[in-house]
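A.B. asks: Sharing a structure with you now.
The values are calculated or read from the model by the stated rules, or taken from the named source; none is laboratory data. The structure presented is a predicted model; accordingly, all values stated were derived computationally and were not measured. Don't worry about glycine lacking a Cβ; one is built from the backbone with ideal geometry, like all the others, and counts go over all protein chains shown. The accessibility values were calculated without ligands, DNA or RNA, using every heavy atom of the protein model including side chains. Shrake-Rupley method; radii C 1.70, N 1.55, O 1.52, S 1.80 Å.
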Amino acid sequence: MWETPGVYHRQDGEKIAEHVRKTSASPKISIVTHDSSHHHHNHVAAPEEVDSGEQSSAVSARPIGRSSADWFAAAPPERATENWSSSSGPAQPAPPRNQPFRKETMASALQKRQFAIVALFFQVIFIILFALFGKYDANALPGGDESTAYVNKNYPLFQDIHVMMFVGFGFLMTFLRRYGFSAVSLNLVLTAFVIEWSMIMRGFLSHDFHEHGKFSIDLTSLMTADFGAAAVLISMGAMLGKLSPVQYLLMAFIETTIGHIAEHVIVEILHVNDVGGSIVVHTFGAYFGLSVARAMHKKSVIEHENEGSVYHSDIFSMIGTVFLWCFWPSFNAAIAKPEDARFRAIINTYLSMAACTLTAFIVSSIVDKTGRFNMIHVQNSTLAGGVAIGTTANVVLEPYHAMLVGCVAAVVSVVGYQYITPRLAVKLGIHDTCGVHDLHGMPGVLAGLLGAFFAMVYDPTVYGASIHDIYPQFEGGVHGGIRDRGSQALYQLAGLGLALLASIIGGLITGLFLRLPIWNQVKETELYADGDYFETSPDYDFSTRIVTRIDHIELTESSALTNRHHEH
């Protein structure tokens, strides 16, 4: 007698059945499934109990969220008749084998093609605007500077940031078991969309455009375009699984427009130091997304059956965590000037994240009743140190200060995930899918407050001439500024307040706009799922819905030899 526990797919059932047909004994196959309160043991008959035409797939399992009596039974490919039941209607026959599970079609051809129409409209407009107003930097044209120093110094930092956008953020959001295609693919298309619109928006607000009627494109433009994408991807995290592709696109367009105007006021007019974007990227993106979530809130988004992870989806999410962790120093240091400030930004970010990671594991173990680690904290809270040090990465002069910032950020983030985010959903109607409030929001606010604190604490004379690169309006500089430590601290707080105000108001308005019935809406049954907007593989429903309810499969084989052994 032998048993093989594990999770098996439909093709595995066929392999087991093939083994059954080849044995001379009478084996029995059973699958143990579970629900929220009971374990169910489903017995599948031995070969003599099953008609010969049914033996090819003698395996059964229960779809998630169904009653224990609604069992899935895989039949031969030519006669597949699995029944699927749901809370919204009676059981429906399953599709033929090797064909995707078909969802109901949208009401009209316009709705079906809505994303393509809107995206094409924006793409045409962007190309026209680049043709009319864009130009390459002089060094990127024939006759430009022959030195390789500029590209060699800045391109590696740009590439690090680029990987963060496409791999880091994309895979970080793959934890939802039925939303993997959307997490990575929509992350890809939104980043590409925002890169184009961000370069145009920054160009229109640039000095070159106001002087010459055209904006230049250089490596700094590419890096700051990725910064704009980061804010949108953070907001996407708050709304993950709750918007249709066209709604994501519209949110990205509106958010990028408002965010760049707010950033221009904060950085170029108020002259707030925010080298790592913790105020204008992380804080703005988080509270914009949370405000959209509030404006679009429905009770059905809370504790939905599709909102959850499985073992392998959490591992995929860790890929994003590791990429973000490795490259975050480049994000915080990319636009820092002069070189000593850039060097400090790299070191401070590195130390802050290291201390944050260790502290996050400590606090995660403390808040758990049995002392275990929570993968939500591991995937997200370990990154909070990079956010919290962002605003002052070029300011902090002591390594232990950077480490303390990382420790505080970890505590704030883990406590947020454990206690605050669940209450935001229930009490205030702010459902935050990825917990961006705890990774980007609160650590971003902490970074803004630390910006004011360190402006007050450090003696400006220690920085020498570089003080005017960090705080352009500080007294004694070429800009004729008259600020001292106290007034600069107040401006830092003003910048944080403006980012919060713009993000909350802008997010609420955007959410109300996205609720309009003219835009495709995600059906309640398809929240946090790929099915309506992606061509999925034949095993999509089985592997993401049913297998999550299977504890293990037991294969028991008896033979004359084993029977005699047991008799003795």
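A.B. asks: Identify all residues within the range 411-435 that are over 15 Å from residue 368 (Cα atoms) and among the small types (Gly, Ala, Ser); write none if there are none.
C.D. replies: Result: 425, 429, 435.
A.B. asks: Which pairs turn up if I take residues in the range 252-264 that are part of a helix (DSSP H, G or I) and look for partners that are surrounded by 24 or more Cβ atoms within 10 Å (Cβ to Cβ) and among the hydroxyl-bearing types (Ser, Thr, Tyr) with beta carbon separation below 7 Å, at least 6 apart in sequence or on another chain?
C.D. replies: 254/510; 255/235; 255/510; 256/198; 260/198
A.B. asks: Is it fair to say residue 357 is assigned to a helix (DSSP H, G or I), farther than 13 Å from residue 390 by Cβ and out of contact with any Ser or Thr (no Cβ under 6 Å at 6 or more places or on another chain)? Give the derivation first.
C.D. replies: Values: assigned to a helix (DSSP H, G or I): yes; farther than 13 Å from residue 390 by Cβ: yes; out of contact with any Ser or Thr (no Cβ under 6 Å at 6 or more places or on another chain): no.
Taking the combined requirement at face value, the residue does not satisfy it.
A.B. asks: So which of 235, 291, 244, 206 ends up being under 30 Å from residue 144 (Cβ atoms), among the polar types (S, T, N, Q) and either open to solvent by 20 Å² or more (accessible area, probe 1.4 Å) or touching a residue at least 60 places away in the same chain (Cβ under 8 Å) (or both)?
C.D. replies: On the way: 235 fails: under 30 Å from residue 144 (Cβ atoms); 291 fails: under 30 Å from residue 144 (Cβ atoms); 244 fails: under 30 Å from residue 144 (Cβ atoms).
Unique residue meeting the criteria: 206.
A.B. asks: Tell me whether the range 526-541 contains one or more residues that are in contact with a strand residue (DSSP E or B) (Cβ under 8 Å, 6 or more places away or on another chain), open to solvent by 40 Å² or more (accessible area, probe 1.4 Å) and over 16 Å from residue 295 (Cβ atoms).
C.D. replies: Going through the range 526-541, the residues in contact with a strand residue (DSSP E or B) (Cβ under 8 Å, 6 or more places away or on another chain) turn out to be 541.
Okay, now just the ones that are also open to solvent by 40 Å² or more (accessible area, probe 1.4 Å), so none.
No: the range 526-541 contains no residue that is in contact with a strand residue (DSSP E or B) (Cβ under 8 Å, 6 or more places away or on another chain), open to solvent by 40 Å² or more (accessible area, probe 1.4 Å) and over 16 Å from residue 295 (Cβ atoms).
A.B. asks: Could I ask something else about it? Among 185, 198, which is the only one that is open to solvent by 20 Å² or more (accessible area, probe 1.4 Å) and within 20 Å of residue 235 (Cα to Cα)? Spell out how you get there, then give the answer.
C.D. replies: Details: 198 fails: open to solvent by 20 Å² or more (accessible area, probe 1.4 Å).
None of the others qualify; the one that does is 185.
A.B. asks: So, one more: Can you tell me which condition residue 94 does not meet? The list is (1) open to solvent by 90 Å² or more (accessible area, probe 1.4 Å); (2) modelled with pLDDT under 50, and all the others hold.
C.D. replies: Answer for residue 94: the failing condition is (1).
A.B. asks: Of the residues that sit in the range 311-354 and are among the hydroxyl-bearing types (Ser, Thr, Tyr) and in contact (Cβ under 8 Å) with a residue 12 or more places away in the chain, which one is farthest from residue 390 (Cα to Cα)?
C.D. replies: First pass over the range 311-354, keeping only residues among the hydroxyl-bearing types (Ser, Thr, Tyr): 311, 313, 317, 321, 330, 349-350, 352.
When the remaining residues are screened for being in contact (Cβ under 8 Å) with a residue 12 or more places away in the chain, the result is 313, 317, 321, 330, 349-350, 352.
Numbers: 313: 29, 317: 23, 321: 17, 330: 11, 349: 7, 350: 11, 352: 10 Å.
Across the range 311-354, the extreme among qualifying residues is 313.
A.B. asks: Just name the residue that is modelled with the highest pLDDT out of those in the range 477-523 that are touching a strand residue (DSSP E or B) at 6+ places or on another chain (Cβ under 8 Å) and open to solvent by 40 Å² or more (accessible area, probe 1.4 Å).
C.D. replies: Within the range 477-523, the subset touching a strand residue (DSSP E or B) at 6+ places or on another chain (Cβ under 8 Å) is 481, 483-484, 488, 491.
Next, from what is left, pick out any that are open to solvent by 40 Å² or more (accessible area, probe 1.4 Å): 484, 491.
Numbers: 484: 93, 491: 97.
The qualifying residue modelled with the highest pLDDT is 491.
A.B. asks: Turning to a different aspect of this structure: Taking only the range 134-178 into account, find how many residues are open to solvent by less than 60 Å² (accessible area, probe 1.4 Å), over 22 Å from residue 342 (Cβ atoms) and either of a type in the set (A, V, I, L, M, F, W, C) or assigned to a helix (DSSP H, G or I) (or both).
C.D. replies: 9
A.B. asks: Can you name the residue in the range 159-193 that is small (Gly, Ala, Ser) and touching an Asp or Glu at 6+ places or on another chain (Cβ under 8 Å) and, of all such residues, is farthest from residue 222 (Cα to Cα)?
C.D. replies: Within the range 159-193, the subset small (Gly, Ala, Ser) is 168, 170, 180, 182-183, 185, 192.
Of the ones still in play, those that are also touching an Asp or Glu at 6+ places or on another chain (Cβ under 8 Å) are 180, 182.
Values: 180: 27, 182: 25 Å.
My answer is 180.
A.B. asks: Another one. Step by step: first the residues of the range 396-411, then only those that are within 24 Å of residue 499 (Cα to Cα) and surrounded by fewer than 24 Cβ atoms within 10 Å (Cβ to Cβ), then the one that is nearest to the chain's Cα centre (by Cα). Which residue is that?
C.D. replies: Out of the qualifying residues, it is 411.
A.B. asks: Only residues that are small (Gly, Ala, Ser) and either under 16 Å from residue 439 (Cβ atoms) or surrounded by 24 or more Cβ atoms within 10 Å (Cβ to Cβ) (or both): list them for the range 337-387, please. Quick ask: steps written out before the conclusion?
C.D. replies: Our first condition is that a residue be small (Gly, Ala, Ser); within the range 337-387, this holds for 341, 345, 352, 354-355, 360, 364-365, 371, 381, 384-386.
345, 352, 360, 364, 381, 384, 385, 386, listed by residue number.
A.B. asks: Oh, and also: Please determine, by comparing only the residues of the range 441-476 that are open to solvent by less than 20 Å² (accessible area, probe 1.4 Å) and farther than 27 Å from residue 234 by Cα, which one is farthest from the chain's Cα centre (by Cα).
C.D. replies: Taking the range 441-476 as the starting set, the residues that turn out to be open to solvent by less than 20 Å² (accessible area, probe 1.4 Å) are 441, 443-444, 447-448, 451-452, 454-455, 466-467, 470-471, 474.
Now drop any that are not farther than 27 Å from residue 234 by Cα, which leaves 455, 466-467, 471, 474.
Values: 455: 32, 466: 36, 467: 36, 471: 33, 474: 38 Å.
Here the answer is 474.
A.B. asks: What are the residues in the range 292-349 that are outside any helix (DSSP H, G or I) and in contact with an Asp or Glu (Cβ under 9 Å, 6 or more places away or on another chain), if any?
C.D. replies: Step one: list which residues in the range 292-349 are outside any helix (DSSP H, G or I), which gives 296-298, 302-310, 334-338.
If the condition is that a residue be outside any helix (DSSP H, G or I) and in contact with an Asp or Glu (Cβ under 9 Å, 6 or more places away or on another chain), then 298, 304, 306, 334, 336, 337, 338 are the ones that fit.
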